[in-house]
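Encoded as structure tokens, the structure appears first; notes follow it.
Each reported figure results from applying straightforward, stated rules to the coordinates on display, with no laboratory input. Note that the structure is predicted; figures quoted are calculated from it, not measured. Every residue, glycine as well, gets a Cβ built from its backbone with ideal geometry; the counts of neighbours run over all protein chains shown.
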Amino acid sequence: MIHLTNITKQYGQKVLYQNASVQIRPSDRIGLVGPNGAGKTTVFRIILKQEGIEAGSVNIADRLVIGYFSQDVGEMHGRSALEEVKAGAGRVSTLAARISEMEKALQDSAENPLSDDAMTKLLEDYGEAQLEFEQRGGYDLEPRAKEILTGLGIRPDDHDRPVEYFSGGWKMRIALAKILALNPDVLLMDEPTNHLDLESILWLEEWLMSYKGSLVMTCHDREFLNRVTSRIVEVANKTITTFSGNYEYYVRERDIRMQQLLAEYKKQQEMLAKEEEFIARFAARASHAAQVQSRVKKLEKIDRVEIPAEEKTIKFEFPSPPRSGNDVVKFDRLGKTWTLENGAERPVFSGVSGVVKRLDRVAVVGVNGAGKSTLLKIACELTGATEGSSTLGAGVRLGYFSQHSLEVLDPDKTIYDEIHDRIPEATIGYVRNLLGAFLFSGDDVYKKNGVLSGGEKSRVVLATILAKPVNLLVLDEPTNHLDIKSREILLDAVKAFDGTVMFVSHDRHFLRQVATRVFEVDHGEMRIFEGGYDDYLSRKTAK
């Protein structure tokens, strides 16, 4: 269906890929992976003919319907959420508008009769439009759009709200719904799980698994990649490489190939060293001139094995926190009610009791709006309880992260200054090593916070929290905006953290790796499950 053959793409002197090929076949499930800046999004743009190539060919089957979801949602205004989704349904939307116009023309003809030929033509066009509209699923577009919006977390009560009413994150969901409602032959998706909670991610996962077309997507959620994809296309090191299998298979195969490449590189380097030593030893001897010249020519013809520049990660020893008491956070018949702008009250939960013990890793789970973030804020004393109490234990030193934490960064400060100002007694080497652990190295540490991406800001804030000796780490969606590499860095840091952790996350890999207890907030109550996230799921399923 889509073939990119021997393509070369570069920006100025920077080569993204050279003589690279990839094909998208019917019903393919492709995960597009690679380091930031390698050219993953550019692959999408080439397929969409938004960008050209320096060499090679791009062949796309005729009449192929391609849907593209990107993080740039564009302008939305003047419609309800439901109408916005229906308007994005491509040819179906065009046909619906055309049928509506023709129906009006038929009604008007009662007062202003048309000629026989004009009426015949109108009826023929109307019939053809209705037939195509039916074949393309036009008559179930509205229920389909409603189902998709609801699946992505937008309640039926909000379907008729103007799109201007929604925040940026919710507009992203509406944009995603538009592409799904289009139901294209090929679905290109750039980070579809960003801004989605766990329930919406699970719904999207099921939708994509039953989707009949071809899928190509980038995604930072490795569990999502594993469940949805069956091929991985890696964009890295100026080439595009295809792996048959899901993300876990790709990681294993990539590591095996790297070990083979390293062994081949080592063997070649040993051979080159011997040849170069011979040339250096006998270059001045006339008796060996022919042999020396032969070996020089041999070396010139050899294809050198190249090792890709590895992304350096620095192991960093985080400060050992002071020991807290055994009871770190205690909830006693806790209740919370928010007062809305119109004066109405919205109860979140009540009667919540439980204790977070020292060294616990507590995952707080529940449906969207259940009060997970509110519970964390009460634990951190960032908002008060309406009833009952939340008490921090003796000697607790708190570090709290949420997406709102990004706003505390001074946009005019460099990354280095942001960290150093918080730990002024630290040496330059200590600060640089800390930043290196969060993938900031070289001159990157002198970037100003104001120019950083959401993921980069998240890493800076996490570094500021872990730079200090806290013994209770409270994390509200810490993996949002982080790529897979950054998520692994955070995961390693949290697993090595010698203290207590409470967290909310929609990343199932993170939940499985970190949680030792689960607090489920559901229908205004809290249930406590001993054991990890998989234990929690198995008990939930068994009920």
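Report, in deg cm²/dmol and to the nearest 500, the calculated mean residue ellipticity at 222 nm for the chain, where each DSSP H run with n ≥ 4 adds -39500 (n - 2.57) and the sum is divided by the residue count. List each step's numbers first, then the result.
Details: 17 runs with 217 residues, N = 543.
Mean residue ellipticity, 222 nm, calculated: -12500 deg cm²/dmol.
Charged side chains reduced to their Cβ positions (Lys and Arg at +1, Asp and Glu at -1) give the range 17-169 a dipole of some 960 debye around its Cα centre.
Can you give the FRET efficiency to the nearest 0.05 for Q50 and R304, using r as the Cβ-Cβ distance and R₀ = 25 Å? Please list the in-between numbers first.
Values: r = 36 Å, r/R0 = 1.43.
The computed FRET efficiency comes out at 0.10.
Going by average Cβ density within 10 Å per residue, which order do the peptides 524-534, 497-507, 116-126, 482-492 take, highest to lowest?
Values: 524-534: 15.9, 497-507: 22.0, 116-126: 12.2, 482-492: 18.8.
Put in order of decreasing packing, that is 497-507, 482-492, 524-534, 116-126.
Distance between the 7 Å Cα→Cβ label points at A61 and W338: 4.6 nm.
If you take the Cα centroid of the range 344-399 and the Cα centroid of the range 467-543, the two points sit 14 Å apart. Overall, the chain carries a charge dipole of about 2540 debye about its Cα centre when +1 sits on the Cβ of Lys and Arg and -1 on the Cβ of Asp and Glu, all other atoms neutral.
Going by average Cβ density within 10 Å per residue, which order do the peptides 350-361, 61-72 take, highest to lowest? Mind dumping the intermediate values first?
Numbers: 350-361: 18.0, 61-72: 14.2.
Per-residue mean Cβ counts within 10 Å order the peptides as 350-361, 61-72.
Along the axis of the charge dipole computed for the range 412-543 (Cβ charges of +1 for Lys and Arg, -1 for Asp and Glu, origin at the Cα centre), the listed residues F519, N471, F438 are led at the positive end by F519.
Which percentage, to the nearest 5, of the DSSP beta bridges contained in the chain is antiparallel?
55
Relative to its residue count, the range 426-543 spans a Cα convex hull of 124 Å³ per residue.
Hey, got the dipole for the range 327-542? About the Cα centre, +1 on K and R Cβ, -1 on D and E Cβ, debye to the nearest 20? Working shown, then result.
Details: 27 positive and 30 negative charges, 91 e Å.
Computed about the Cα centre, the dipole is about 440 debye.
Toward the positive end of the charge dipole of the range 1-80, with +1 on the Cβ of Lys and Arg and -1 on the Cβ of Asp and Glu, the farthest Cα among I30, T42, H3 is that of I30.
In this structure, S80 and A394 have a Cβ-Cβ separation that, at R0 = 41 Å, corresponds to a calculated FRET efficiency of about 0.15. For the pair the range 272-286 and the range 6-79, the centres of their Cα atoms are 49 angstrom apart.
Which of the GluC sites (Glu not before Pro) across the range 199-306 are loop residues per DSSP, with 11 or fewer other Cβ within 10 Å?
On the way: sites: E199, E205, E206, E223, E234, E248, E253, E264, E270, E275, E276, E277, E300, E306; in loops: E306.
Those that pass, being in a loop and sparsely packed, are E306.
Considering only G52, H77, A284, the residue lying farthest towards the positive end of the dipole of the chain is A284, judged by Cα position with unit charges set on Cβ.
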